[in-house]
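One structure is given below, encoded as C-alpha cells.
A short reminder: the numbers here are calculations on the coordinates, not readings from a lab. Fair warning: this is a prediction, and the values are worked out from it, not measured in the lab. With ideal geometry, Cβ positions are generated from the backbone for all residues, glycine too; neighbour counts draw on all protein chains shown.
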Amino acid sequence: MNKSVMLVGVGGQGTILTSKILAEGLLGAGYDVKMSEIHGMAQRGGSVTTHIKYGEKVNSPIINKGEADVLIAFEKVEALRYLCHLKAGGILIVSDHEIYSQSVLSGTEDYPQEIIESLTQAVERTIVLQAVKLAEQLGNIRTHNIVLLGVLVKALGLEQLDWVQVMKDLIPEKVLEANVKAFKTGLAV
Amino acid sequence: MKKFLTGNEAIARGAYEAGCLLAAAYPGTPSTEILENISQYSEIYSEWSPNEKVALEVASGASIAGSRALAAMKHVGLNVASDPMFTMAYTGVNGGLVVVNADDPGLHSSQNEQDNRLVAPHAKVLMLEPSDGQECLDFVKAAFALSEEFDSPVLFRVTTRVCHSKSIVEIGERVEAGIKPYVKDPAKYVMSPGNALKRHPVVEEKLLRAKDYSETCPFNRIEWGNRKIGIITSGISYQHAKEVFGEQASYLKLGMTYPLPEQKIRDFAAQVDTLYIIEENDPYLEQQVRSLGISCIGKERIPICGELNAEIVRRALLGETEPKTYQVSQKPTARPPVLCAGCPHRPLYVALKKLKDIVVTGDIGCYTLGMVPPLSMLDTVICMGAGISSGIGFEKVNRMAGRKEKIFGIMGDSTFFHSGITSLIDAVYSNSNMAIILLDNSTTAMTGHQENPGTGVNLMGQPAPVIDLVNVVKAVGVKPENIRIVDPYDLAETEKAVQEAYASQELFVVVTKQPCALMKDVQKKREGLYCYSDAEKCKKCKACLRTGCPAIAMKNGTIHIDKAQCNGCTLCQQVCKFDAIAKVGE
Ligand SMILES: Cc1ncc(C[n+]2csc(CCOP(=O)(O)OP(=O)(O)O)c2C)c(N)n1
Ligand code: SF4
Ligand code: SF4
Ligand code: SF4
C-alpha cells in the first residue's frame, strides 16, 4: 500500500527543505516516490503545501481529501486548513506555533483560539510539539523544521534509514551539526 | 542514472540530451524553471526574451538556421506567441523546433484557465502530452525528431502538476544533433500570400501523415485490464485515472494528442463496454471521440472547471460520496499572498490611496497585490500590457461621459519591456492624458526574480547592456517635464509626484526606482535595519497598520513591529503623525 504524507506551513518555514530530505531518504530506501509542491508567488508568508506519496508504484502525485496517512503542520492555522486531507485513523503532527496572516495583523479577523485543544479532541492520533521552542533551546531556532522531521520519521516508522547521510547531502556543512541534533531531538519526542 | 526530477527539470534535461542548441522563453508559472534549468547547460545558448512572441521568433530563426531550438511559456504566453506559431506551421522547420506550453488548471498562479490543447488543431501543429517526469524527458527528445520528420513545430503541452511534481527519471547522455546546412528557400520560408497559399496544402498533407504516425506511435498505447470499462485519457489525468481504476479498467493512454489516432480510438472503443473520457478542463478528447460517432461519458460527469484529481474522478464516475474527514469548529483565517514587508511597491499605493476620484488600471506582477485590503487600489487587471492600454480606452470614454476620475495605469519593469512599450507609444500617439506609474524594482519579481532587459545581466549570468526604462519613456515622446523619477521609500517625494500626475492635463509618467526587497543583495545591504514603535508616544491611530505591511501588528492594543521581517523602509515611520516610530541602523 502506498503512503501519503502532506506537509503544510507558511512560506519561509522550511517545509520545502524538510520535504526534500524526506523524499531523498525514501528514494534511497528504494521506494517509488512522487512529490508535488504548490507554493504561492515570490512573496513570503503565503500558505505552502507539499504532497509526498511513496510505495511500490505511485500514480497521481496529488493527495486528496481524507487520504493523508500523516499530516504535518508547521503552523496551527495551516493544520486547520488542511485537516480535511487527513485519513480516518491517520496521524496529525502539529507544531504549536502561530504566524499571523494580514487579516489578523490588521485586526479584521481574530486568530482562532484553542486550536490545539480542538485538534487533540477530534483526532485520536495527534502529536503536538513545541518545535520552535525546542529548536530555540537547542541553540538554533531555524532548525525547528528538522525537529519536526524527526517526529515525522518516527511516526512513519522509518527510523532505520540513514537520515544523517541524507542531511549531509542537502544541508550546508556549517549548520549540519545543529540540524542533526534537532533531528535526534525530534526522534526522541 | 536515475534522478528525482520535476517535470520542468526533465524537459530541460531532455532538450539537453536531444542536442538542442538554443532555448528562449519569457518566465511564467508553471513553465519558468524549464529555462532556468536549461541555462545550467553551457552547450545551449539560452535567453530570457522580453516576451513570448520574441522568444518563439528567436527559436524559429535558430531552427531555420539549422539547429534544434526550444521556446517555453505559460499558457497565456502562447496567446502572445500565437502569431509566429501559426505561421511556423506553414514554413515548417529546419532543425527541430519544440514549443513548450504549460497550462495551469486550477489557476494556481494565472489569470485564466485556458486549455491550450485546443491550439494544436487550430495552429495545425503536432502535439505531445507527457504525464510524468520520465515522459517529459523521453517525449521532448522525441519531439525534436518528430519536428524534423514532419517539418513542423511540435507543441509540447504540460500542466502545473506535471511541471512541478518530482518523480524518478532515468537520464541519458547528450547526443549532438549539430547544425544542419541552411539552404535558401523563399518558397518555404518567405510567407507572402502567394507562397503561403502553396504551403497550406503541404500543411494538410503533413497532418495526414502525422495522423498515420499517431496510429502506430509508441506514445499512444493501450493497457488492457478489465474490458467492462475503457478509459481514454492523457497527461496528468492518466495518473488520476490509474489511481482510481487500477486494473479494473482498460486504458487508451494518449501521449500524442494531435493528430489523434482515429482508428486506434475506434478499435479500443469497440472492445470495451463503457467508455469514459477522463480529461482536465475542456472536452478536447471527448469532442474528437464523439465526432467519430462513438458514444462516451465525459464532461456530463467530470467538471470542466478547476484542477482534476482522483477524488473528483471517483465521485464523478463511481458515484462515491465525499470522504468523511475530521472536523473542528474553528475556521482557518485566510492567508492570501501580500506585498512583502519593505516592498518598494507599497508606498506608491499608500500615496495613491490619498487621491479621490481615480480609476486604477492595473497589470500583472507583484504589484497586482495592491488589490488586497487594506490597500484595495486596483480597478482592473486583465493581461500584461493592459495596465496602460486599457487605461487609454477608459480615459477616452470617461471624457465622453463627462466623468472626472483621473486614470492611473500601473505597470512593473519586466511587464513594461514585455508589452508596455507599445502601449506607451499608443498613450503618446492617442494624446492620452492618463497618468502612468512604472514600478521599477529591477527584476521580474513575481515569478522568482528573473533577469530582464533592464537588469544588466542575462539568463546565462553574463553582463548585458542595460535598457534604461526612463530613456525609453523619453524616446517614445513623453515630454521630459511630465516625467518624474522617485525613490518610493521617500513617501513625500512619491506623493508629490503622484499629485502632479493627478493634476496634469497631459500624459504623465512617474517611475519609482527601488529594487525588490527580497533580492539577496538588497537583503544583505539592509540587514540590521528595522523600525520599532514607542508605546508611550503611540496614539493607536492605526495609520501604520493601514499600509498593510505584514511586519506591523496590533497585539493586545499595542503596535508591534516584527524585527525579523522589517527591512527599515520607514514607510510606517513616515505615515505616523505622532513620531511614535523610530528607525534603527543606517
Ligand atoms: C503573457 C504572460 N506571460 C507571463 C506571465 C507571468 N507573469 C506575470 S507577471 C510577470 C512579471 C512581473 O514582473 P514585473 O512587471 O517587473 O513586476 P514585479 O513582479 O517585479 O513587481 C510574469 C512573468 C503572464 N501573466 N502573462
Ligand atoms: S517579491 Fe519583491 S516586488 Fe514582490 S512583493 Fe516582495 S518585495 Fe515586493
Ligand atoms: S501610526 Fe503611529 S501613532 Fe498611529 S498606531 Fe501607528 S505607531 Fe501608533
Ligand atoms: S519600516 Fe515599517 S513599513 Fe517598512 S518594513 Fe518595517 S515595519 Fe514595514
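Between B:Q40 and B:Q263, full extension at 0.36 nm per residue minus the direct alpha carbon distance yields a gain of 76.0 nm. With the cut-off at under 14 Å, measuring from each backbone N in segment B:480-510 to a point 7 Å along the Cα-to-Cβ line of B:K525 picks out B:487-490. Per residue, the average separation of C-alpha pairs within less than 8 Å and at least 6 apart gives segment B:2-216 a relative contact order of 28 percent.
Can you pick out the pairs among A:K34/B:K211; A:K76/B:K525; B:K3/B:K242; B:K354/B:K524 whose Cα atoms lie more than 30 Å from each other? Before the final figure, lay out the partial values.
Working: A:K34/B:K211 33 Å; A:K76/B:K525 33 Å; B:K3/B:K242 23 Å; B:K354/B:K524 33 Å.
Result: A:K34/B:K211; A:K76/B:K525; B:K354/B:K524 exceed 30 Å.
Taking 0.36 nm per residue of separation and subtracting the Cα-Cα distance, what length does fully extending B:Q287 through B:Y429 add? Walk me through the numbers before you get to the answer.
On the way: separation 142, 0.36 × 142 = 51.12 nm, distance 4.54 nm.
Residue separation times 0.36 nm, minus the Cα-Cα distance, leaves 46.6 nm.
Taking θ as phi - 60° and the Karplus parameters 6.51, -1.76 and 1.60, the scalar couplings of segment A:23-35 work out to 4, 4, x, 5, 4, x, 7, x, 6, 6, 9, 10, 9 Hz in sequence order, x denoting glycine and proline.
The H on the amide N of B:Y26, modeled in the peptide plane, is under 5 Å from the matching H of B:S49, B:A72, each at least 5 residues off or on a different chain. When segment A:7-77 is described by a simple charge dipole with +1 on each Lys and Arg Cβ and -1 on each Asp and Glu Cβ, the residue from A:V8, A:A23, A:P61 located farthest towards its positive end is A:V8.
B:T422 to A:T108: FRET efficiency via 1/(1 + (r/R0)^6), r the Cβ-Cβ distance, R0 51 Å, to the nearest 0.05? Don't skip to the end; give the middle numbers.
Values: r = 40 Å, r/R0 = 0.79.
Result of the calculation: an efficiency of 0.80.
In what sequence, highest mean first, do B:132-141, B:303-312 appear when ranked by Cβ atoms within 10 angstrom? Kindly include the intermediate steps, with their values, before the conclusion.
Values: B:132-141: 25.0, B:303-312: 18.0.
Put in order of decreasing packing, that is B:132-141, B:303-312.
Note on B:K299 and B:Q248: the model spin-label points, each 7 Å out from Cα along the C-beta direction, lie 2.7 nm apart. For A:G46, the residues 5 or more places off, or on other chains, whose built amide H falls under 5 Å of its own are A:G11.
Here the Debye sum runs over all C-alpha atoms of segment B:346-523 as equal scatterers in vacuum, and log10 of I(q)/I(0) at q = 0.12, 0.14, 0.15, 0.17 Å⁻¹ comes out as -0.50, -0.69, -0.80, -1.04.
Cross-link partners for B:K188 among the lysines, with Cα-Cα distance under 18 Å and sequence neighbours closer than 8 places in the same chain left out: B:K124, B:K180, B:K198, B:K206.
Lysine pair count for segment B:368-513 with Cα-Cα distance under 24 Å and sequence separation of 8 or more or different chains is 15. Placing unit charges on the Cβ atoms of the charged side chains and taking the dipole of chain B about its Cα centre, the candidate lying farthest along the positive direction among B:A580, B:V100, B:P515 is B:A580. Across segment B:485-490, computed HN-Hα scalar couplings (Karplus, 6.51 cos²θ - 1.76 cosθ + 1.60, θ = phi - 60°) run 10, 10, 8, x, 5, 9 Hz from first to last residue, x flagging Gly and Pro. Dividing the Cα radius of gyration of segment B:2-112 by its Kirkwood radius returns 0.96 for Rg/Rh.
Legend: residue pairs B:K74/B:K299; A:K20/B:K520; A:K154/A:K184, Cα-Cα distance threshold 21 Å; pairs beyond threshold, B:K74/B:K299; A:K20/B:K520.
Working value for the protein assembly as shown: equivalent-ellipsoid semi-axes of 42, 38, 24 Å, each the square root of 5 times a Cα gyration tensor eigenvalue, largest first. As a calculated quantity, the FRET efficiency between A:E136 and B:K577 at R0 = 51 Å, using C-beta atoms, amounts to about 0.85.
Could you give the size of the charge dipole of segment B:220-318 about its Cα centre, using +1 on the Cβ of each K and R and -1 on the Cβ of each D and E, expressed in debye and rounded to the nearest 20? Provide the component values of the computation, followed by the final result.
Values: 12 positive and 13 negative charges, 48 e Å.
So the magnitude is around 240 debye.
The fraction of Cα-Cα pairs per 10 angstrom bin, counted from 0 for segment B:526-584, comes to 26, 62, 12 percent, rounded to whole percents. A cut-off under 14 angstrom between Cβ atoms defines the neighbours of A:P112, and their net charge, with Lys, Arg +1 and Asp, Glu -1, is -4.
Work through the residues other than B:N112 whose Cβ is under 12 Å from its Cβ and net out their charges, Lys, Arg +1 and Asp, Glu -1. Don't skip to the answer; put the middle values down first.
Working: positive: B:K74; negative: B:D103, B:D104, B:E113, B:D115.
Surrounding charge for B:N112 is -3.
With contributions of -39500 (n - 2.57) from each DSSP H run of at least four residues, the per-residue ellipticity at 222 nm computed over the protein assembly as shown stands at -11000 deg cm²/dmol.
Tally Lys/Arg at +1 and Asp/Glu at -1 over every other residue whose Cβ is under 12 Å from the Cβ of B:S295; what's the total? Mind dumping the intermediate values first?
Numbers: positive: B:R290; negative: B:D273, B:E286, B:E300.
Taking every Cβ under 12 Å from that of B:S295, the sum is -2.
Placing dummy labels 7 Å off each Cα toward the beta-carbon, the span from B:A196 to A:L176 is 6.1 nm.
Each Lys and Arg adds +1 at its Cβ and each Asp and Glu adds -1 at its Cβ; summed about the Cα centre, the protein assembly as shown shows a dipole of about 1040 debye. Compared with the dominant principal axis of the Cα atoms in chain B, helix B:52-65 is inclined by about 40°. Summary of the geometry: segment B:452-508 and segment B:308-371, compared by the centres of their Cα atoms, lie 30 Å apart.
Length gained on full extension, B:K324 to B:E536, computed as 0.36 nm times the residue gap minus the Cα-Cα distance: 71.1 nm.
With a/c under 1.5 counting as rounded, go ahead and sort chain B into rounded, prolate or oblate using the C-alpha gyration tensor (a ≥ b ≥ c being the square roots of the eigenvalues; past the cut-off, prolate if a/b is larger than b/c, else oblate).
On the way: a/c = 2.04, a/b = 1.55, b/c = 1.32.
Prolate is the answer for chain B, as a/c is 1.5 or above and a/b outweighs b/c.
With a simple spin-label model that places each label point 7 Å from the Cα along the Cα-to-Cβ direction, the separation between B:D379 and B:A145 comes to 5.7 nm.
Spatial offset of segment B:221-243 relative to segment B:539-576 amounts to 55 Å, using the alpha carbon center of each. Under 5 Å between amide H atoms, partner at least 5 residues away or on a different chain: which partners does B:L126 have, H built in plane at 1.01 Å? Long-range HN contacts for B:L126: B:L155.
In order along segment A:173-180, phi translates into HN-Hα couplings of 2, 6, 10, 4, 4, 4, 6, 5 Hz, rounded to whole numbers, per the Karplus curve 6.51 cos²θ - 1.76 cosθ + 1.60 with θ = phi - 60° and x for Gly and Pro. Taking Cα centre as origin and charging only the Cβ of basic (Lys, Arg, +1) and acidic (Asp, Glu, -1) residues, the dipole magnitude of segment A:49-189 rounds to 360 debye.
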